[in-house]
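First up is the structure itself, then whatever we jot down about it.
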Amino acid sequence: MSNFKHISVAGAGTMGASLAQTFALFGYDVKVFDIYETALEKAKRLVDLNQETWIKQGIVTQIQSDALKHKISYTNDLQELKDSDFLIEAILENLEVKHKFWRELSALVRSDAILCSNTSGLSITAIAEAVEHPERFAGMHWMNPPHIIPLIEVIQGKKTSDETIQVVYDFCLELKKKPVKVKDAPSFVLNRIQQAILREALYIVQEGIATPEGVDDVMKYALGFRYAAFGPFEICDLGGLDIHNNISKYTFPDLCDAKEPFGLIKDCVDNNNLGVKTGKGFYDYSNGRDAEVIRYRDTMFTKLAKTLFEEE
Ligand SMILES: NC(=O)c1ccc[n+]([C@@H]2O[C@H](COP(=O)([O-])OP(=O)(O)OC[C@H]3O[C@@H](n4cnc5c(N)ncnc54)[C@H](O)[C@@H]3O)[C@@H](O)[C@H]2O)c1
């Protein structure tokens with residue numbers, strides 16, 4: 001068990017609300033901070049929604065869920081974070097915004113507090129430029145939704161100490177997560193792979209090879225199904241390296257190599273259709289479909305996690 005007594009989450013968005021539930025599940029008191037009162041209110045609703053699914057699936061009882069929720073408190077006063085001995089930042093993915101936050105926060109907390117950023121792929125070394133005592137600062141990249149997905153990428157910036165990495169790594173294990181240490185390269189590992197898939201998916205749609213629904217089905221009914229149990233190197237070994245090598249020879253030249261976002265995602269973002277959080281993205285989430293899809297996601301992911309990793 002870690003020695004952490006005061007855990008804080010900065011940023012009460014999609015990730016922050018879910019992160020708080022994970023720490024609370026393991027008995028920690030958690031303070032969630034956001035600059036907007038509305039974000040804190042939204043986070044509470046998200047916690048309620050996620051907890052509904054956990055109760056339905058028997059992961060927690062109603063009593064345990066109520067206790068878990070009592071462990072989470074909310075604030076928009078940064079000063080209330082001063083006693084934090086572990087803090088994870090999940091605010092806007094923007095280096096300037098993160099710098100401003102870290103400059104203030106790292107001067108406020110104890111010099112030996114462990115500080116992490118959940119950035120999806122900004123350089124940990126670059127974020128650390130605004131952190132006092134950067135040796136205690138690391139990347140801790142959780143996946144959405146963090147209260148269910150097992151993986152956490154643990155990233156060592158140039159100034160992060162080995163000791164900090166070990167503390168963060170061990171904390172992941174305590175939370176029953178699967179930590180993987182990765183280098184501080186742009187977008188780390190998961191997002192490099194995820195973005196390569198997204199770029200090709202957008203290209204396939206733009207070229208009229210398949211619809212978004214068609215691409216989603218190909219992922220769900222074959223690639224995602226396989227990748228739930230095996231990684232790409234294992235899949236190649238099972239299929240035969242000669243076969244995959246030959247397919248690479250005639251496919252690589254034809255794949256998308258765009259250097260900027262394009263196509264359907266650019267159109268959606270330009271129109272502020274950002275997905276579930278705004279009620280419309282590639283698909284429509286109006287009329288309660290947003291809550292429905294989050295419930296469905298949590299149910300499916302929890303079932304998968306049980307099937308794949310329960311015995312471990
Ligand atoms: N959404 C994902 O799938 C995902 C997955 C992994 C990592 N991340 C990373 O996690 C972080 C948060 O992502 P998200 O999807 O939860 O974003 P989000 O937009 O849902 O939430 C961000 C929250 O941060 C708040 N915020 C903005 N500036 C702030 C500040 N200075 N101080 C405190 N709060 C502030 C906003 O009010 C908002 O509530 C980002 O760095 C993102 O790259 C996101």
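Bear in mind that the values in this text are calculations on the coordinates, not laboratory data. Only a predicted model underlies this, so the values are computations on that prediction, with no experimental measurement involved. No Cβ is skipped: glycine too gets one built from the backbone with ideal geometry, and neighbour counts run over all protein chains shown.
Could you run the Karplus curve 6.51 cos²θ - 1.76 cosθ + 1.60 with θ = phi - 60° over the range 123-137 and give me ³J(HN,Hα) per residue in whole Hz, x for Gly and Pro?
5, 5, 4, 5, 4, 4, 4, 9, 9, 6, 6, x, 5, 9, 10
Give or take rounding to whole Å, what are the principal axis extents of the alpha carbon atoms in the chain, in descending order?
Answer, in whole Å and largest first: 57, 45, 44 Å.
Can you list the residues, at least 5 places off or on another chain, whose amide H is less than 5 Å from the amide H of residue 138, using H built in the peptide plane?
It is 115, 116, 117, by chain and number.
From the square roots a ≥ b ≥ c of the eigenvalues of the alpha-carbon gyration tensor of the range 190-309, which class results: rounded (a/c under 1.5), prolate (a/b over b/c), or oblate?
Values: a/c = 2.55, a/b = 1.24, b/c = 2.06.
Oblate, since a/c reaches 1.5 and b/c is not below a/b.
Evaluate the charge dipole of the chain about its Cα centre and quote only its size in Debye, nearest 20, assuming +1 on the Cβ of each Lys and Arg and -1 on the Cβ of each Asp and Glu. All intermediate terms of the calculation are to be shown ahead of the outcome.
Numbers: 35 positive and 45 negative charges, 60 e Å.
Roughly 280 debye for the chain.
Which of 50, 246, 191 moves most in a GNM of the chain, Cα contacts under 10 Å?
246
Cut-off 10 angstrom, C-alpha nodes, Gaussian network model of the chain. Which of 121, 239, 16 fluctuates the most?
239
About the Cα centre of the range 190-309, what is the dipole size in debye to 20, counting +1 per Lys and Arg Cβ and -1 per Asp and Glu Cβ, all else neutral? Before the final figure, lay out each step's value.
Numbers: 14 positive and 17 negative charges, 96 e Å.
It works out to roughly 460 debye.
Say each of residue 193 and residue 310 gets a label point 7 Å from the Cα, pointing the same way as Cα to Cβ; how far apart are those two points in nm?
Once both label points are built, they end up 2.5 nm from each other.
Shape call for the range 76-165 from the C-alpha gyration tensor, a ≥ b ≥ c root eigenvalues: rounded (a/c under 1.5), prolate (a/b greater than b/c) or oblate? Each step should come with its number before you reach the end.
Numbers: a/c = 1.37, a/b = 1.22, b/c = 1.12.
In terms of gyration-tensor shape, rounded.
For residue 246 and residue 266 in one chain, what is 0.36 nm times their gap in residues minus the Cα-Cα distance, to one decimal in nm? Don't jump to the answer; show the numbers that get you there.
Details: separation 20, 0.36 × 20 = 7.20 nm, distance 3.33 nm.
Net length gain for the segment: 3.9 nm.
Residue 62 to residue 296: extension gain in nm, 0.36 nm per residue of separation minus the Cα-Cα distance? Walk me through the numbers before you get to the answer.
On the way: separation 234, 0.36 × 234 = 84.24 nm, distance 1.96 nm.
Residue separation times 0.36 nm, minus the Cα-Cα distance, leaves 82.3 nm.
Under the rule of -39500 (n - 2.57) per DSSP H run of 4 or more residues, summed and divided by the residues of the chain, what mean residue ellipticity at 222 nm is obtained, to the nearest 500 deg cm²/dmol?
Values: 13 runs with 149 residues, N = 312.
Here the helix-only value at 222 nm equals -14500 deg cm²/dmol.
Where does the charge balance sit around residue 41 when Lys and Arg score +1, Asp and Glu -1, over other residues with C-beta under 15 Å from its C-beta?
Values: positive: 42, 44, 45, 69, 277; negative: 34, 37, 48.
Around residue 41, the surrounding residues sum to +2.
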